[in-house]
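This report concerns only the one structure given below.
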Amino acid sequence: MPTTKRNPFQPGYGEIPPVLAGRDQLKLELRDRIDATVERERHPTAIALVGPRGCGKTALLGWTAGKAKERKLPVIRLNKEDFAAVGDLELTLSDQVVSPNKSHDFSVEVKDPTGQLGSVRAGYKRETEYNPVERKQKLNKLMAAASTRGLVLLIDEAHDMPAEVGRVFYDSAQAAAQDHPIMLVIAGTPDLESVLGRSGATFAERMNTKRIGRLSWEDTSRALVEPFGGTATFDDLARGVVVRETQGYPHFIQHWGSALWNVLARKGATHVGHEEVKEARKAFDQACRELYHRRLHELDGEGMLVPVAEIAFRIGEGGTPSRRDFMAITRKMAYARDQREAEEKLLHTGFIWQEDIGNWQFGIPSLAAHVRREAVSMVLERLREENALLSFRRVRSHFKRAPLLPISCLEGNLRTVLKETGRETMVEKHLAAFSRMGLLVPDPDMSKGHVALMAPLLTEAVIEEADRAEAKPEMEPTQEPTLQTRHGPDDHAPGM
Ligand SMILES: Nc1ncnc2c1ncn2[C@@H]1O[C@H](COP(=O)(O)OP(=O)(O)O)[C@@H](O)[C@H]1O
Ligand SMILES: [Mg+2]
């Protein structure tokens, strides 16, 4: 085993993997466009790489940048910090005009200690000092000047470009690309197309969208085995197990590969069999848990935990996502916002997405089981913290009778129930907590004062879990007195 060789796998984000598997056709197309740009051909159609996080969009941008540089094409690569405002884009382009031999990766350049960039930037007006027409003309001119030798413009995390920036930028990029050799590649999460639609309808319609999802069995196997470069052999069964467990998710492929490499290097072994897989699984599981944990907290922070958990419950174990699942959830989410915003928010999570027209998929299938499990305990814990489990049971039983309820009716009923425990003053606080947690959503026709239960299946699972916990107090003997005092009568009011 090559103990002296560096581990070639690239677990993490944005790293070009040792084998960029499953993207051969796309690489050919990207290479053709690079060649065309070198030959000064004009192609106003932008290429959009769309897919959930961890599937390899940034890696593909990096690959494209590398190939373009080999062909001596100027490359400007922008991340979300670089396009927060139109002025930032202007500065990047003007810098390209000032020093055309430099390729611009702003994620690196803003940290440039020489401060050169700062001085170029200092001469520019503040955002508010331009009118929109002036701004557009200026950007068009800069774009044209920056692309005299051809230009490869790569935009990562394009879903984060503010709509007002996008409107000016995409218009100008498209206009400049009519007359100049500009290759524009943008990458973003599955909400990108919708976000672009808000920026400028024609651009979104004309771009060439490539969906970057999980890899096939064969491509996963290649991505995993080839980096060992013949220095190790794989037991067929062991390889099959690993390929299956990666779920074709590129981020997981790198973690598995890296873990297996480390095991072989440590043991000085050259064969991957059952034992090696077992050992490597420890490191992989750890990486996997960390990713799940991060994702769950992100979902929670974005107020998406409840809708995403409900989707996970709707689809169920072994189920396949569908447009119906997507629409059912976004329609309810849209009670509190507009439908498009709801769809973008859900697509942005990449939890489920349309891998192909009409073909809905999980971003990471195994995340669903984790979300189902963890969301139940997180919601239950919060209900307990709010001392609101009794109220929530009541709310749940009311919604068994009707999908929409007048808030006044719900309030009246909760008041009666809580009165028995001397806590009727808590009604508003509890209802506010349910709405904050995303469990209750207002009816779109607010004038009628109705509310709906956002996640009926999650609600059932939460109540079942609460029942289970109460039925088995001996499982957590030390907690019993605390639960009694903290939650009072909540724990003794099942089956409402
Ligand atoms: N085609 C591929 N084959 C194998 N590994 C890949 C592939 N594409 C990306 N990866 C790896 O997957 C991880 C996530 O890639 P990244 O480009 O950051 O995804 P994204 O930008 O879509 O979030 C990285 O570790 C990267 O090296
Ligand atoms: Mg990325």
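The values are calculated or read from the model by the stated rules, or taken from the named source; none is laboratory data. Remember, predicted model here, so these are calculated numbers, not experimental data. Cβ sites come from the backbone with ideal geometry, for glycine too, and all protein chains shown count toward neighbours. Remember, those area values only see protein heavy atoms, side chains included, never the ligands or the DNA or RNA. Shrake-Rupley method; radii C 1.70, N 1.55, O 1.52, S 1.80 Å.
Quick test for you: out of 422, 438, pick the one residue that is outside any helix (DSSP H, G or I), modelled with pLDDT under 90 and not polar (S, T, N, Q).
The unique qualifying residue is 422.
Read through the list (1) away from ligand 2 (no atom under 13 Å from the Cβ); (2) in contact with a helix residue (DSSP H, G or I) (Cβ under 7 Å, 6 or more places away or on another chain); (3) not acidic (Asp, Glu), then give the number of the only condition that residue 66 fails.
The one condition residue 66 does not meet is (2).
Looking at region 179-198 only, could you name the residues that are under 20 Å from the mean Cα position of the chain (by Cα) and away from ligand 2 (no atom under 16 Å from the Cβ)?
193, 194, 196, 197, 198
Exactly one condition in (1) assigned to a helix (DSSP H, G or I); (2) over 28 Å from the mean Cα position of the chain (by Cα); (3) under 26 Å from residue 336 (Cβ atoms) is false for residue 470; which is it?
Of (1) assigned to a helix (DSSP H, G or I); (2) over 28 Å from the mean Cα position of the chain (by Cα); (3) under 26 Å from residue 336 (Cβ atoms), only one is false for residue 470: (3).
Of these, 67, 5, 72, which one is of a type outside the set (Ser, Thr, Tyr) and in a helix (DSSP H, G or I)?
After applying the criteria, what remains is 67.
Has region 409-416 got any residue that is of a type in the set (Asp, Glu) and either touching a strand residue (DSSP E or B) at 6+ places or on another chain (Cβ under 9 Å) or open to solvent by less than 30 Å² (accessible area, probe 1.4 Å) (or both)?
no
Output the residues belonging to region 1-50 that are within 16 Å of ligand 2 (Cβ to nearest atom) and in contact with a Lys or Arg (Cβ under 6 Å, 6 or more places away or on another chain).
Result: 26, 49, 50.
Pick out the one residue from 49, 20, 28 that is closer than 28 Å to residue 144 by Cα and either part of a loop (DSSP other than H, G, I, E, B) or open to solvent by less than 30 Å² (accessible area, probe 1.4 Å) (or both).
Only one candidate qualifies: 49.
Pick from 204, 176, 158: which is within 16 Å of ligand 2 (Cβ to nearest atom) and open to solvent by less than 30 Å² (accessible area, probe 1.4 Å)?
When all the criteria are applied, what remains is 158.
Could you go through region 415-433 and let me know if any residue there is closer than 22 Å to residue 302 by Cα and free of Cβ contacts under 8 Å to residues at least 12 places away in the same chain.
Checked against the condition, which is being closer than 22 Å to residue 302 by Cα and free of Cβ contacts under 8 Å to residues at least 12 places away in the same chain, region 415-433 yields at least one hit.
Let me spell it out: the conditions are (1) within 14 Å of ligand 1 (Cβ to nearest atom); (2) open to solvent by 10 Å² or more (accessible area, probe 1.4 Å), and residue 60 meets all of them except one. Which number is the exception?
Among (1) within 14 Å of ligand 1 (Cβ to nearest atom); (2) open to solvent by 10 Å² or more (accessible area, probe 1.4 Å), the lone unmet condition for residue 60 is (2).
Would you please name the residue that is farthest from residue 427 (Cα to Cα), looking only at residues in region 350-363 that are in contact (Cβ under 8 Å) with a residue 60 or more places away in the chain and surrounded by fewer than 24 Cβ atoms within 10 Å (Cβ to Cβ)?
Among residues in region 350-363 that are in contact (Cβ under 8 Å) with a residue 60 or more places away in the chain and surrounded by fewer than 24 Cβ atoms within 10 Å (Cβ to Cβ), the one farthest from residue 427 (Cα to Cα) is 356.
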